Amino acid sequence: MLAAVLLAEWYGYQATRTLTQHFGAGPRRALAAGYWLLTLGLWALAYWAGATRHDGPTVLKTYLMSLPLLFLAAKLLMLLPFLAEDLVLGGRRLAGALAAPAGGPAVPAIPRSEFLAKVVLGLGAVPFVALLWGMVRGATDYQVRRVVLKYPNLPPAFDGFKVLQISDLHTGSFNSTEPLRRAVKFINAQHADLILMTGDLVNDRATEVEPHIPALAGIESELPIFSSLGNHDYGDYVRWASPAAKRANLERLQQNHAKIGWTLLNDTSHTIVRGPDKIAVLGVQNWSSHPNFPKHGDLPRAHAASGDAPFKILLSHDPSHWEAQVLNYPDIDLTLSGHTHGMQFGLNLPFLKWSPVQYTYKQWAGLYEQGPQKLYVNVGLGYLGYPGRVGFLPEITVFELRRA
């Protein structure tokens, strides 16, 4: 990875030098010095922001960490055409050297194509502009996705039942309360029967959500709003002063769920009754098949609490839980997850979905089915790390349950 970064930075410099080859010696030196000062300065700021991200203005530091990534994305796209050109030029120079008579004149260097440099810079502008747009607009360009799910075992009284899912709010990433107030208006406009939140309310600390409690408490629902915990909710990515401080943070986060008006399902279940029929909503703490993420959830306990409900919905933050454990419980009809964010970057077209996260997670965005069981992976309402979204925009999902 480091080699790719260094190559990208070098070829970015090569493109600049090629396009300024007709300038005078003084301006060329000044531009070269400016290029490296800007590049090194941005990386230094990003390193400082990352090392101190939990102190001071964390939102500002998130943007500082992202700035060199915008330029790096552009340079990585520039790398391959320039590398290919260098291989061709090197081959032509080698062929000329082999064909030249012994003791003959040196084979002249072949200049880099100025036209290619212009084309490559144009290509590099595409990811730069896209990622910049993602920061300015995409991060809070809320999308409502509607999904109809059909089940033969859905109780008749729940035919047409509307379930709304949100996930991965990451409230510590917002620098104002306005975006989530606007998101709540979108949520309320759906008039869902049941509202569920599948983890990662915060980035690290329970206090991050507290400025947003009034906005989130404005979500309207006649039924209880159920929530679950995600990997970020445990404070695992912070160096706490003591284990007691970490436990206190989790307790405060759970209290904040209650202050919002949400019922946190930690390895338990709740039955919803409509007329003569019932369904169960199960919730587990974070459980992942990946070794870097925690396995707190106790699915057998939550499943036992759901009893004989003929239709069951499970909240489990990490989608890798589905194949690892959930499919062993055939009466869990629908699993709702989040966690992946669609990596906040990719192609999300009706005929093509791609994101780098798909090389880590088999189920990473949208609907998946195996036999009668279904999994839906919501790409999240908030953002983390890169303060933007491209392709996989913030999502509010509305499911309409229908009898098959």
**Item:** Residue tally, condition touching a His at 6+ places or on another chain (Cβ under 7 Å) and either of a type in the set (D, E) or assigned to a strand (DSSP E or B) (or both), over the range 281-310
**Value:** 3
**Message:** Given the criteria closer than 27 Å to T271 by Cβ and either touching a strand residue (DSSP E or B) at 6+ places or on another chain (Cβ under 8 Å) or not assigned by TED's automatic domain parsing to the domain that holds V147 (or both), does V390 qualify?
**Reply:** no
**Message:** V379 - would you say it is within 24 Å of I219 (Cβ to Cβ) and surrounded by fewer than 22 Cβ atoms within 10 Å (Cβ to Cβ)?
**Reply:** no
**Prompt:** So which of L116, L94, L87 ends up being modelled with pLDDT under 70 and loosely packed, with under 12 Cβ neighbours inside 10 Å?
**Reply:** L94
**Item:** Residue list for the range 1-38, restricted to those being of a type outside the set (D, E) and in contact (Cβ under 8 Å) with a residue 40 or more places away in the chain
**Value:** A4, V5, L7, A8, Y11, G12, Q14, A15, T18, L19, Q21
**Message:** Checking the structure you have, find out if any residue of the range 16-34 is under 18 Å from L131 (Cβ atoms), among the aliphatic types (A, V, I, L, M) and not assigned by TED's automatic domain parsing to the domain that holds P387.
**Reply:** no
**Message:** Any residue that is surrounded by fewer than 12 Cβ atoms within 10 Å (Cβ to Cβ) and closer than 18 Å to M65 by Cα - is there at least one of those in the range 5-28?
**Reply:** yes
**Prompt:** Is it true that some residue in the range 244-255 is outside the structural domain of A51 (by TED's automatic domain parsing) and over 23 Å from F293 (Cβ atoms)?
**Reply:** yes
**Request:** Give just the number: which of (1) crowded, with 24+ Cβ neighbours inside 10 Å; (2) modelled with pLDDT under 95; (3) hydrophobic (A, V, I, L, M, F, W, C) does L349 not satisfy?
**Result:** (1)
**Item:** Flag for L132 being modelled with pLDDT of 70 or more, in a loop (DSSP other than H, G, I, E, B) and within 30 Å of F186 (Cβ to Cβ)
**Value:** no
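The values are calculated or read from the model by the stated rules, or taken from the named source; none is laboratory data. Everything quoted here is computed from the prediction, not taken from an experiment. Note that each Cβ is placed from the backbone with ideal geometry, even for glycine, and that neighbours are counted across all protein chains shown.
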